[in-house]
Amino acid sequence: MSSAQPFHGFVSVQSRGLVALPASIRKRYRLDEPGAQVEITERADGVLELRPAVAVPAGEAWFWEKRWQDGEREVDALVAERAVTVTEGVDEFLQSLPASGHTAG
């Protein structure tokens, strides 16, 4: 959750069961994005818990931001142009480095 003041208030339930969440809540939890959903759990003590659920887990959302995707496209272009070296693992990467004559220690 962000450092914004936690929400406490009332929302109306419309005749068809629709509940409109405040705009600040939708924005904070990215519920204003396509595919966003809210998970609802009815607890034994009568409390209804709502949890934001977006198509992409919140911890991975940074990867899909425009800035990051622009960077991914830039790297893809460099790879296609063979302007960078692509290796399959750490060992291959280390072998691809030029010898520097320095030793660790």
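Every read-out reported here was derived from the displayed coordinates using simple, explicitly stated rules and does not represent laboratory data. All values reported here derive from a predicted model rather than from experimental measurement. Don't worry about glycine lacking a Cβ; one is built from the backbone with ideal geometry, like all the others, and counts go over all protein chains shown.
For mean projected area of the Cα convex hull in nm², the candidate list reads (1) 11.4; (2) 13.9; (3) 7.6; the entry that matches the value derived from this model is (2). Within the listed set 36, 83, 61, the Gaussian network model of the chain (springs between alpha-carbon atoms below 10 Å) gives the highest mean-square fluctuation for 83. The angle between the Cα long axis of helix 66-80 and the longest principal axis of the Cα atoms of the chain comes to about 30 degrees, rounded to the nearest 10. Put a plus charge on the Cβ of each Lys and Arg, a minus charge on the Cβ of each Asp and Glu, and nothing anywhere else: the dipole of the chain about its Cα centre is then about 660 debye. The sum of -39500 (n - 2.57) across all DSSP H runs of n ≥ 4, divided by the residue count of the chain, sets its helix-only mean residue ellipticity at 222 nm to -7500 deg cm²/dmol. Relative contact order, whole percent, for the chain stands at 12, derived from Cα pairs under 8 Å and 6 or more residues apart. May I ask for the distance between the Cα centers of the range 8-37 and the range 68-99, given as a whole number of Å? Taking the Cα centre of the range 68-99 as reference, the centre of the range 8-37 is 43 Å away. Database remark: amide H of residue 53 closer than 5 angstrom to the amide H of 37, 38, 39 (H placed geometrically; neighbours at sequence offset of 5 or more, or on other chains; Pro and chain starts carry no H).
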